[in-house]
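Down below is the structure, laid out as structure tokens.
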Amino acid sequence: MGDSESVFIFRESDTDFRVRKAGHEVPILAFSPIEYPKSVDKKLASYFEQEISLIWKDVKFSNAKISPDVWKNKSGLTQELKSKDVDVLVLGSITESDTGWAFKFELKDSVDATSYGDFELSFKRPVSTEEVGAWSQAIFWKSSDRVISLESKQTTVPVWDRKPDLTRIKEIVNSSIKGTLTVRASSGDTEILWKGKSLGNTPLTEIPIQEGIQDIQVVLKGKKPITKTIQVRAGKKSFLFQEWEEDRTLGSAKVITVPNGLSVSLDGYKQGETPFFRSNLTPGAYQLELLKESADGAYVYYEGILDVKPDRLVELALPYFGYGLLSELEFWKPSGEFGFSPFGPNGLEFAKKKNLANGWNGVYSLPFIPEELEIEGYFLLPVDHGDGSVAVTFHLNGLSLGVVAGKEKVSIFQFPSDGKTLSTYKYLDVDKDIGRPFSFKTDLKNKKLFLYLGRDVVWQGDLPAGGLWTVSVLTRGEEFREKTPIKDLKILYKGYK
């Protein structure tokens, strides 16, 4: 992203009703019924629920009441949660022991089961030498540690053993309507403002921010302030990167890994951790090391040359455990016309606000390190694919090999070529249930590259030498595939499993 306003397109989701233009100020909670053991009768269960309800009275939330019968029906529950716009499910469970009863409550996202946190509490069994009376008595006296009937026969009930931390519960509930924002910039003096208030200077890592559409202002002394609009989904991570135009005689570097957290060393000196951004670097070849540090020492994941050029940003990625790449937004660079946006709150989600011309729109990965690896993923089910097309392409030094998926078939192509499709395949019956799996596999020892559809090799050829590799996910303007382009994508380095 350069010195310009970002292109933002709000995208609704058919499967995620928590993607909203404006988030809730107070979270909406739905409490699941608790399945009590047979030894706990209705009166004891009622007592537990009354005591536990006192824990919640100081927590700000709205209670979406859902009948126990609805909780037993998965599809009916999904519709009820959507109709009541529920944010969080409060799932309670109980375990019984000789000493008492322990409860655990977990707060989960109402759509994708993301856990916001949990807490526990417990009750002790009453200890009394007196005869226990009937539960039908209605008049009680409550002391600090028990409730006693005022009738002639004393009735003892369970007492609190461990109460939860109310502050912790409030933190969990409040986090359910917020996402996190990570902002990095080529200049460390970049200030980030939200709703007129400063969040601090970059780098900012996982700052809590309200769900919904948010305007983030990026400010650097001597530069025109830039406003970037993002869509925050509660429980998810959002990222921004601002590259300023600076001294043209110097260069910049961007190094990311999947997952984050590898140490970055340049010429033997530790510079930080991934994701790593550095501007004002003197041009030249730096010895780069990416290391995983532990108490037992450091393991070198990569060692090579980082070649910094004047007035250039050199980018490098190492998806050494590259699962869930569709949600790793820092791994991708947008490519396409103005009016097209590839990113949503859940990762790659294509959207447009106008008809696009013929041609490809989508994303390219950052250049990643050549290794013996496998890139694999799934195209959508044919019934869900629609009329659009999606191309996934593996780009190497002097060769691009790709697969284009449509509603009825998939085609294999390569560049450079004579412009003809290499081959075309219809979906197998099994693919109509699970989607069309594909994979690119390298064999460094024999210098070969293989393309698979399912378990079948549909192309093989020589593996070009040298250079970094990239992968792209694109859709055609005249055959636009909206929202999620493919089901999954991962890169498996054989040396890093």
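The values are calculated or read from the model by the stated rules, or taken from the named source; none is laboratory data. On a predicted model such as this, the values are computed, not experimentally measured, just so you know. Neighbour counts run over all protein chains shown; Cβ positions are idealised from the backbone, glycine included. The protein model used for the area step is the full one, side chains on, heavy atoms only, and it has no ligands, DNA or RNA in it. Shrake-Rupley method; radii C 1.70, N 1.55, O 1.52, S 1.80 Å.
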Failed criterion for GLU376 (all others in (1) over 30 Å from GLY495 (Cα atoms); (2) modelled with pLDDT of 90 or more hold) | (1)
Only unsatisfied item for ASP311, checking (1) within 25 Å of LEU492 (Cα to Cα); (2) at pLDDT below 90; (3) outside the structural domain of THR190 (by the TED database); (4) not β-branched (Val, Ile, Thr), is (1)
From (1) at pLDDT 90 or above; (2) under 25 Å from GLU330 (Cβ atoms); (3) open to solvent by less than 60 Å² (accessible area, probe 1.4 Å), pick out the condition that doesn't hold for PRO370.
-> (1)
Members of the stretch 274-308 that are among the β-branched types (Val, Ile, Thr), farther than 27 Å from LEU492 by Cβ and open to solvent by less than 30 Å² (accessible area, probe 1.4 Å) = VAL308
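Just for the stretch 455-497: of the residues that are among the acidic types (Asp, Glu) and under 24 Å from the mean Cα position of the chain (by Cα), which one is most open to solvent (accessible area, probe 1.4 Å)?
Filtering the stretch 455-497 for residues that are among the acidic types (Asp, Glu) and under 24 Å from the mean Cα position of the chain (by Cα), the one most open to solvent (accessible area, probe 1.4 Å) comes out as GLU482.
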Exactly one of (1) modelled with pLDDT of 90 or more; (2) open to solvent by 20 Å² or more (accessible area, probe 1.4 Å); (3) more than 25 Å from the chain's Cα centre (by Cα); (4) not assigned by the TED database to the domain that holds THR227 is unmet by ILE148. Its number?
-> (1)
(1) part of a strand (DSSP E or B); (2) in the same structural domain as THR470 (by the TED database); (3) open to solvent by 40 Å² or more (accessible area, probe 1.4 Å) all hold for LYS354 apart from (1)
Inspect all residues belonging to the stretch 1-12 and state whether any of them is open to solvent by less than 30 Å² (accessible area, probe 1.4 Å) and not assigned by the TED database to the domain that holds VAL157.
-> yes
Note: among THR180, THR205, THR167, just one is without any contact (Cβ under 8 Å) to a residue 24 or more places away in the chain, within 29 Å of GLY92 (Cβ to Cβ) and either surrounded by fewer than 21 Cβ atoms within 10 Å (Cβ to Cβ) or of a type in the set (Lys, Arg) (or both), namely THR167
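This table checks each residue for (1) free of Cβ contacts under 8 Å to residues at least 40 places away in the same chain; (2) among the aliphatic types (A, V, I, L, M); (3) open to solvent by 40 Å² or more (accessible area, probe 1.4 Å).
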residue: GLY212; (1), (2), (3): no, no, no
residue: ILE216; (1), (2), (3): yes, yes, no
residue: GLY222; (1), (2), (3): yes, no, yes
residue: PRO225; (1), (2), (3): yes, no, yes
residue: VAL232; (1), (2), (3): no, yes, no
residue: GLY235; (1), (2), (3): no, no, no
residue: SER238; (1), (2), (3): no, no, no
residue: GLN242; (1), (2), (3): no, no, no
residue: GLU245; (1), (2), (3): no, no, yes
Give the residue that is nearest to ASN260 (Cα to Cα), with candidates limited to residues of the stretch 193-202 that are open to solvent by 40 Å² or more (accessible area, probe 1.4 Å) and not polar (S, T, N, Q).
-> LEU199
Could you say whether any residue in the stretch 63-79 is aliphatic (A, V, I, L, M), at pLDDT 90 or above and assigned to a strand (DSSP E or B)?
-> no
In the stretch 63-118, the residues that are open to solvent by 50 Å² or more (accessible area, probe 1.4 Å) and among the polar types (S, T, N, Q) = ASN63, SER67, ASN73, SER75, THR78, GLN79, SER83, SER93, THR95, SER97, THR99, SER115
Only one of PHE440, PHE450 is at pLDDT 90 or above, aromatic (Phe, Trp, Tyr), out of contact with any Pro (no Cβ under 6 Å at 6 or more places or on another chain) and open to solvent by less than 20 Å² (accessible area, probe 1.4 Å); which?
-> PHE440
